[in-house]
Each structure stands twice: as structure tokens, then as C-alpha cells.
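Novice: Can you keep this structure in mind? I'll have questions shortly.
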Amino acid sequence: MTRRLIVINPNSTERVTQDISVAVEPLRNSNLDIDCQTLAAGPGGILTQRDADLVVGPLIDWAEGEKGNCDAIVVACYSDPGVHSLREMLGVPVFGAAQATLGYVGAMGCKAGVISLRSASVARHNAAAGAAGLTGILAGDRTADVSVADLGDDGAIDKLLRAAHELIDKDGAEVLILGCCGMSRFSRAVASETGIPVLDPSLVAASMAYTAILGRYDTPPRGGRT
């Protein structure tokens, strides 16, 4: 039986959704339908805490229409807006990109550097790590000084690489986290240029969601299948 995972991009930039869809492609198979959607009512990008807070209402409205239509949801934003509310209302596993990625790095047992969009993102990212009890895994958080719209420009990769090298050379990062799901398209390029693992939060969260779906629905009962 095919299971359905929804990956919702809570900003309204369709290019970001398209990049996320490409990022999670390795997980698609005959048993898993991954539906990447764009929140049309969301802002063009989520840069500040205010942006993250204001998008929760539209996310809840969107989720009302998906009740009973999916087996898990990924909120593809490194601010994790609305994750707790969606868990409460939907009754299926809901994964936030930041929570999932920070937990994954914690399991890896290495120091992570976060590439952020702008300075307003850094405090929010640090607060998320603190809430998860994972502040100790962060080597640093440095900004590329770009907006979500800027990520479509040719010069964006150079700005991300500058932040990446600072995290490695100055902060001692052993793994890099893309601190915005709109950075998905740059994952391989940054990994190739830096020579260390680069985590795309959309793919990490979707991988965890797939594992949760398998565990919830496809685990044989005790004593084997009957």
C-alpha cells in the first residue's frame, strides 16, 4: 500500500518548493508518495521570528484540509513554525526541519556549523538548539547575508561558501547544516567545495518521516504476520 508524505513549504516561493522536491527525490518509491506543496498564504521567505509566528495561522488553516489525507508531514522550514499545533490537530507524525536535523547531528556526535540567511536568523536558530538541549553540538552559526529571493541569483553560492569556510576554519565545524530549506539546491556544491558532510534539513526530516511511516504501519505484529 502506498503511503503519503506531505512536505509543506511554509513560504510562498514556488522555486523553493521545487528545490525541496528535487532534494527528497531519493526517498520516492512505489511505497511512498511524497507530495511537496507551497503555502500560498505564506510570506515570500521566513527571515525573522515575526515571520515564523505569523505563518502559523495560515499553516493551521492549510492543515485543516489535509486531515486524514496523509501518513506524515514535514514542515520544510528551519524555524519549525506550527509544528506543535499540527501534531496536536492531525494525529500523524509531524517533523520540523530544525528539530529533525539537530537531533540527527546529536546522534552523529560531531560539531555542526549552521549557514543562516541573515543575522535575524541566528538568535532563532540558537533558541531552537537550546530548547532541544543541543546547544553543545553547535560549533557556530554564520550568515550568508542573503534573502530567500537572493538564493535564485548566480552569486548566492559564493556567499554560502564564504560562510561555510568560516564555520570550518574559524569555528571548527565538522558538519554543515543549511539553515534554510531554500538552500537545498546548494547542498552538493557546498559539500564538494568544503569536503565535509552537508545536511539538507528537508531531506533529513523527510527521511525521519519515512522511517516513522514504516515503523507505524509496516511493522509486523509480534509473532510475525498472519
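Novice: For the stretch 122-225, list log₁₀ I(q)/I(0) at each q in 0.18, 0.19 Å⁻¹, using the Debye formula over Cα point scatterers of equal strength and ignoring solvent, two decimals each.
Specialist: -0.92, -1.00
Novice: So what's the net charge close to GLU14: Lys and Arg +1, Asp and Glu -1, counting the other residues with Cβ under 15 Å from its Cβ?
Specialist: 0
Novice: Let me have the 222 nm mean residue ellipticity of the chain computed from DSSP H runs of 4+ only, each contributing -39500 (n - 2.57), with the sum over all residues rounded to the nearest 500. Before the final figure, lay out each step's value.
Specialist: On the way: 9 runs with 97 residues, N = 226.
So the helix-based figure for the chain works out to -13000 deg cm²/dmol.
Novice: Next up: What's the center-to-center distance, using Cα atoms, between the stretch 94-109 and the stretch 155-173 in Å?
Specialist: Each part's Cα centre sits 21 Å from the other's.
Novice: Suppose we look only past 26 Å in the calculated P(r) of the chain. What percent of the Cα-Cα pairs does that tail hold? Could the numbers behind the result be given before it?
Specialist: On the way: 8368 of 25425 pairs.
Cα-Cα pairs in the chain separated by more than 26 Å: 33 percent.
Novice: Take every Cα pair under 8 Å in the stretch 66-180 that's 6+ residues apart, average their separations, divide by the length, and report that relative contact order as a whole percent.
Specialist: In percent, rounded to a whole number, it is 28.
Novice: Can you tell me what share of the DSSP beta bridges in the chain is antiparallel? A percent to the nearest 5 is fine.
Specialist: DSSP beta bridges in the chain are roughly 5 percent antiparallel.
Novice: Here's another thing I want to ask about it. Pairs of Cα atoms under 8 Å, at least six residues apart: use those to get the relative contact order of the chain, whole percent.
Specialist: It rounds to 23 percent for the chain.
Novice: Considering amide H positions built from the backbone, and no H for Pro or chain starts, which residues 5 or more places from GLY42, or on another chain, come under 5 Å of its amide H?
Specialist: Counting only residues 5 or more places away or on other chains, the set is SER12.
Novice: What is the spread of the Cα atoms of the stretch 137-190 along each of their three principal axes, largest first, in whole Å?
Specialist: 29, 18, 17
Novice: Subtract the Cα-Cα distance of ARG28 and LEU134 from 0.36 nm times their separation in residues, and report this length gain in nm to one decimal.
Specialist: Full-extension gain reported as 35.1 nm.
Novice: While we're looking at this one, here's another question. Cα atoms only, the stretch 1-118: Rg and Dmax in Å?
Specialist: Rg and Dmax of the stretch 1-118, Cα atoms, are 14.3, 43 Å.
Novice: Show which lysines lie in cross-link reach of LYS170 when reach means a straight Cα distance below 26 angstrom and same-chain residues fewer than eight apart are skipped.
Specialist: LYS111, LYS159
Novice: Still on this structure: So what's the net charge close to ASP171: Lys and Arg +1, Asp and Glu -1, counting the other residues with Cβ under 11 Å from its Cβ?
Specialist: Spelling it out: positives minus negatives among the neighbours equals -1.
FYI, it's all coordinate maths here, none of it is from the lab. Nothing here was measured: the structure is a model prediction, and the numbers come from that model. Don't worry about glycine lacking a Cβ; one is built from the backbone with ideal geometry, like all the others, and counts go over all protein chains shown.
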